[in-house]
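Since the structure comes first, as structure tokens, the remarks are kept for the end.
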Amino acid sequence: MNLLIVEDDPLIVDVITTIFQIGCPNFRIKSACNGNRGIDLISTFEPNIVILDLGLPDINGFEVLKQIRAFSPIPVLIVSVRGEESDVVKALSLGANDYIIKPFRQLELLARVKRLLVNKQFYEEDLTISCGSLHFGDSLRQVWDNDKPINLTTSEGRIFYLLVKYANKVVSYEELSDILWGDYYAGARASLKTYILRLRKKIEDRTSSKMILNSPGRGYILKIS
């Protein structure tokens with residue numbers, strides 16, 4: 001994952017960099033101290049997400065955001081000292097995906113970035129994949145068994161999508177946790193078990209076949225013949 005920080009305060013850049021070096025050590029991080037440099041880096045660095053300040057020395061963050069949206073749907077998280085409602089509304093209307101006011105809470109910043117990356121992953125997924133008589137409708141929340149709809153929650157849909165995508169292969173606890181919460185945590189397996197039980201009831205009760213199997217110590221597998 002590549003993270004681009006567009007921020008002119010080196011202390012803030014250092015703080016954000018440290019947060020992600022500890023919380024997401026697999027991230028590659030670059031920073032730009034002005035808006036024009038940030039726009040250039042989107043093309044050359046190809047970040048997966050941008051953290052953008054509004055008070056930049058050359059062009060303001062709103063203009064940077066407009067220029068980004070002219071050529072890229074990349075998630076943009078505004079981190080700014082400007083907390084007026086009008087600024088938040090303007091940023092969101094220009095295409096920002098989220099907005100945090102400085103001073104920010106470190107774990108919250110980390111969590112919001114992870115959530116934006118999870119959402120981005122599923123905005124881009126291929127809903128044409130299928131599994132026997134089961135296929136997705138207009139979103140991950142609706143699965144069809146031939147012409148009969150099965151309604152899922154967003155989390156259930158994300159889990160089922162990954163199982164269908166990698167049918168007959170084990171999808172690890174870590175992979176499933178990552179698509180739900182952006183990370184793996186100590187209680188993830190217990191939470192996943194609850195989601196799987198709900199999925200089994202909705203999917204297997206309709207199809208009258210046992211499809212979602214547990215792979216002890218590893219994860220879950222969707223078995224199809």
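The values are calculated or read from the model by the stated rules, or taken from the named source; none is laboratory data. Because the structure is predicted, anything quoted here is derived from the model rather than measured. All Cβ positions, even for glycine, are placed from backbone atoms using ideal geometry, and neighbour counts span all protein chains on display.
For the range 99-110, state whether one or more residues are modelled with pLDDT under 90, closer than 29 Å to LEU180 by Cα, of a type outside the set (S, T, N, Q) and part of a helix (DSSP H, G or I). Quick ask: steps written out before the conclusion?
Taking the range 99-110 first, the residues modelled with pLDDT under 90 are none.
Looking through the range 99-110, none of the residues is modelled with pLDDT under 90, closer than 29 Å to LEU180 by Cα, of a type outside the set (S, T, N, Q) and part of a helix (DSSP H, G or I).
Here is a yes/no grid of residues against (1) of a type outside the set (A, V, I, L, M); (2) exposed (fewer than 13 other Cβ atoms within 10 Å of the Cβ):
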{"site": "PHE136", "(1), (2)": "yes, no"}
{"site": "ARG141", "(1), (2)": "yes, no"}
{"site": "ASP145", "(1), (2)": "yes, no"}
{"site": "LYS148", "(1), (2)": "yes, yes"}
{"site": "SER155", "(1), (2)": "yes, no"}
{"site": "LEU162", "(1), (2)": "no, no"}
{"site": "LYS165", "(1), (2)": "yes, no"}
{"site": "VAL171", "(1), (2)": "no, no"}
{"site": "SER177", "(1), (2)": "yes, no"}
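I'd like the residue in the range 1-50 that is loosely packed, with under 13 Cβ neighbours inside 10 Å and among the aliphatic types (A, V, I, L, M) and, out of all such residues, is modelled with the lowest pLDDT.
Per the stated criteria, the residue is ILE22.
Just the residues that are out of contact with any helix residue (DSSP H, G or I) (no Cβ under 9 Å at 6 or more places or on another chain) and acidic (Asp, Glu), please, taken from the range 85-111.
GLU85, GLU108 - these are the residues of the range 85-111 that are out of contact with any helix residue (DSSP H, G or I) (no Cβ under 9 Å at 6 or more places or on another chain) and acidic (Asp, Glu).
Being over 26 Å from the mean Cα position of the chain (by Cα) and buried (at least 17 other Cβ atoms within 10 Å of the Cβ) is the filter here, so list the residues in the range 208-225 that pass it.
MET211
Could you tell me whether the range 160-173 includes any residue that is over 27 Å from MET1 (Cβ atoms) and not β-branched (Val, Ile, Thr)? Give the steps one after another, and end with the answer.
Of the range 160-173, the ones over 27 Å from MET1 (Cβ atoms) are 168.
Cutting the leftovers down to not β-branched (Val, Ile, Thr) gives us 168.
Looking through the range 160-173, at least one residue is over 27 Å from MET1 (Cβ atoms) and not β-branched (Val, Ile, Thr).
Could we say that SER86 is without any contact (Cβ under 8 Å) to a residue 24 or more places away in the chain, part of a helix (DSSP H, G or I) and polar (S, T, N, Q) here?
Numbers: without any contact (Cβ under 8 Å) to a residue 24 or more places away in the chain: yes; part of a helix (DSSP H, G or I): yes; polar (S, T, N, Q): yes.
In short, yes.
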